[in-house]
């Protein structure tokens, strides 16, 4: 067989073929996502459910890594002078997980029964609240006999029974979820154990994993592009880490501050504050993870909760939440978070709104760091393109200012 009919490899056509195949796959994926959304979302949901132990493990490792670093660098190396790298790393991981698991166990033992007790007290207060509202409506009916309040009375009676039934069912389901063993609980425990194991291995092999990812990036991309991808990944991890670490500390402080404030207010015989202090503080602590809207998202249901006891309690709590939110936004938050995202308030609100629309509460939590990363990449790209074109924005802005001032200067000269 002559060389004329032999297959001659050509890197140019091979590259074109690879790009064509990738383009066709992306188009097919977009087409399937748009026109077969139900089946696509179901497949994505099943995939995420299968990978949930690994995703949770990555999240646990991501969140616990700052604690591991602090224990290793400050406690073990600086205070105890343990210089062996392998030993201090393993000890730091063990101590960190021991602290987290201990706090979780204490929470389950003390907080959850108190949570159920608060809900029980709430259910017991609903009938008296209904009677108070009914009495108020009856007084209005006596004062204004020309008005018909029968519809309002029926609405209150139905709302009273509906809310009480809903809370009773929720309490029963919560109790069953906590205390009754079942397939879902066993599956959750299994996934949690797998997630903890995965997170441990990720923390132990952190440097090796990072090195493997960098090797893959440099193997499949040109050096300049590989360096850019590595820089973007580092920036993304730093942004997410700073944001979530700061928000967790900030939310914990706000939750403790709310609990202490409510306990102090309860000393003045304010009805409902002592019994709901723990439940309300937990809700405020969790919702405070959402920037800007978090305190209000947690404050509104808690205000309605205290409204069952008395309007005075609800009003005092609403004022307390506003004061705590202002303290958090102006003092505590900036001190802890600093400029972790680098976003203006308008973009933070935009990120929360779009994230909530796309993925609910999880989207509201992840929206801010995601938009921060995109904003940083966009700013870097714009600066690079301006530098490539030798355009200096301060020079242009100063030139515009001078041009705007010239007519006034000429006018003043003519007048002279």
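Things to note:
- Residues in the stretch 189-225 that are part of a helix (DSSP H, G or I), exposed (fewer than 14 other Cβ atoms within 10 Å of the Cβ) and more than 28 Å from the chain's Cα centre (by Cα): 208, 211, 212, 215, 216, 219, 220, 223, 224, 225.
- Selection of the stretch 273-304 for residues being in contact (Cβ under 8 Å) with a residue 60 or more places away in the chain and outside any helix (DSSP H, G or I) yields 289, 290, 291, 292, 293.
- Residues satisfying the stated conditions in the stretch 202-234, i.e. within 29 Å of residue 94 (Cα to Cα) and touching a residue at least 12 places away in the same chain (Cβ under 8 Å): 202, 203, 204, 206, 213, 214, 233
- Conditions (1) at positive phi; (2) assigned to a helix (DSSP H, G or I): number failed by residue 17: (1)
- Residue under evaluation residue 24, criteria (1) part of a helix (DSSP H, G or I); (2) modelled with pLDDT under 90, criterion not met: (2)
- Criterion violated by residue 278 - all others in (1) modelled with pLDDT of 85 or more; (2) under 27 Å from residue 131 (Cα atoms); (3) under 24 Å from the mean Cα position of the chain (by Cα) satisfied: (1)
Table: residues versus (1) over 27 Å from residue 278 (Cα atoms); (2) surrounded by fewer than 17 Cβ atoms within 10 Å (Cβ to Cβ); (3) at pLDDT 80 or above; (4) out of contact with any strand residue (DSSP E or B) (no Cβ under 6 Å at 6 or more places or on another chain).
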position: 319; (1), (2), (3), (4): no, yes, yes, yes
position: 323; (1), (2), (3), (4): no, yes, yes, yes
position: 328; (1), (2), (3), (4): no, no, yes, yes
position: 345; (1), (2), (3), (4): yes, yes, no, yes
position: 358; (1), (2), (3), (4): yes, yes, no, yes
position: 372; (1), (2), (3), (4): yes, no, yes, yes
position: 375; (1), (2), (3), (4): yes, no, yes, yes
position: 387; (1), (2), (3), (4): yes, yes, yes, yes
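- Residue match in the stretch 332-340 (condition: surrounded by fewer than 18 Cβ atoms within 10 Å (Cβ to Cβ), more than 14 Å from residue 247 (Cα to Cα) and modelled with pLDDT of 80 or more): no
- Tallying residues that are surrounded by fewer than 19 Cβ atoms within 10 Å (Cβ to Cβ) and under 16 Å from the mean Cα position of the chain (by Cα) within the stretch 247-275 yields 3.
The values are calculated or read from the model by the stated rules, or taken from the named source; none is laboratory data. Model, not experiment: these values are computed from the prediction. Cβ sites come from the backbone with ideal geometry, for glycine too, and all protein chains shown count toward neighbours.
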